[in-house]
Amino acid sequence: SPDASLDDQKRQRLKRITQSIIGLPTLPTVITELISLIDNPKTSARNVSQLISTDQALTAKILKLANSAFYGFPREIATVQHVVVLGFETVKNLGLSVSVLERFSGTDADGSGDEFDRQKFWEHSIACGVAARLLAGKLRYRMSGEAFAAGILHDIGRLILSQYFPVEFAEVLSVMREEHLYIGKAEEKVLGVTHADVGSWLAERWNLPDQLEQAIAMHHTPGRVDGPAELPSLIHLADFLCRREKIGDGGGDTLPSLDPAALRAFGIHEEPVAALKRIFGYGDGLNTEMEKAGAFSNIARGGDDDGPTE
């Protein structure tokens, strides 16, 4: 139908623009190297600590976070050589999360601040990372560090849209409010693509691990994943938990629809309402963990993060 080709043109146009935005940030080289280093099975702890120590600011941040209540190590992690006790995956995901928070943190400098509250956006994203890590423990998903990074990054497309397409995004927000739509539906109506699409293109540009790119792309539709869908399912459920606890702004008040596939991915076969009730029961745990994750919020606020670690 002519409509379909029009949608396709819209989508292609947006993808072209997204990929060609000169200012679209790249990841710091040290993080790109860290990801490929850790994904190489031959890598040693010494290789990892040597690479991290080439960036003093990153070293300081990672040490501070590694010693925060969020990781709860019994003794102080004093040097970058000790950091590897966190495990390679955690170091990789911690480095990635810190870089993205720093790269996009601070207040709005682009005038779109009235429409999009970056502070509340990051509050939601950090909460989603914390909730995903918490749920990973409850639902026996091994990769808790990866769950944390995926939670922090899942909505990055919303930030890109607000920053680089302020006019279109303002229209998305007004359609969302006037028609009481979930934000993804409003994005589809106005732009022909959603923040999940845009976020996954950015992840692709950054050469992030496939499972992170997939979690960003499918966090509202884990049932569409071809193959194992634990990570997008975890983020899907974490998003619901954070919205339920009203932490930050997950994109308006209208909830996305629950994809029952997210529950099935963890072998939960009870009625969705009962299952969600069980997930929502972790709300107190989430709030406790959020208090421990204060150092991440400081970075997102654009602060120098010299507050207490506890």
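Can you pull out the helices (runs of 4 or more DSSP H) entirely within segment 1-105 that have at least 1 residues that are at pLDDT 90 or above?
Once the helices (runs of 4 or more DSSP H) in segment 1-105 are filtered for at least 1 residues that are at pLDDT 90 or above, what remains is 29-38, 45-53, 56-66, 88-104.
With in a helix (DSSP H, G or I) and either closer than 15 Å to H220 by Cα or of a type in the set (A, V, I, L, M, F, W, C) (or both) as the only criterion, which of G151, G137, G145 stands out?
G151
Is there any pair linking a residue in segment 26-50 that is surrounded by 13 or more Cβ atoms within 10 Å (Cβ to Cβ) to one that is basic (K, R), with Cβ under 8 Å and at least six apart or on different chains, and which?
Short answer, once both residue conditions are applied: L27/R103; P28/R103; L34/K92; I35/K92; I38/K92.
On the basis of being within 17 Å of A295 (Cβ to Cβ) and out of contact with any Leu (no Cβ under 9 Å at 6 or more places or on another chain), does A45 make the cut?
Taking the combined requirement at face value, the residue does not satisfy it.
Quick one: would you say A132 is open to solvent by less than 10 Å² (accessible area, probe 1.4 Å) and assigned to a helix (DSSP H, G or I)?
Yes, satisfied.
Looking at S53, S97, S144 in this structure, which one is of a type in the set (S, T, Y), out of contact with any Pro (no Cβ under 9 Å at 6 or more places or on another chain) and within 22 Å of D249 (Cα to Cα)?
S97
Kindly provide the set of residues from segment 155-180 that are in a loop (DSSP other than H, G, I, E, B) and over 21 Å from the mean Cα position of the chain (by Cα), ordered by number.
Selection gives E179, H180.
Is at least one residue of segment 284-299 more than 30 Å from K64 (Cβ to Cβ), open to solvent by less than 10 Å² (accessible area, probe 1.4 Å) and under 19 Å from the mean Cα position of the chain (by Cα)?
Checked segment 284-299: no residue is more than 30 Å from K64 (Cβ to Cβ), open to solvent by less than 10 Å² (accessible area, probe 1.4 Å) and under 19 Å from the mean Cα position of the chain (by Cα).
Of the residues H236, H219, H269, which single one is free of Cβ contacts under 8 Å to residues at least 40 places away in the same chain and open to solvent by less than 10 Å² (accessible area, probe 1.4 Å)?
Answer to the check: H236.
The values are calculated or read from the model by the stated rules, or taken from the named source; none is laboratory data. The structure presented is a predicted model; accordingly, all values stated were derived computationally and were not measured. Neighbour counts are summed over all protein chains in view; Cβ atoms, including those assigned to glycine, are modelled from backbone coordinates with ideal geometry. Areas reflect the complete protein model, heavy atoms only, side chains present, ligands, DNA and RNA absent. Shrake-Rupley method; radii C 1.70, N 1.55, O 1.52, S 1.80 Å.
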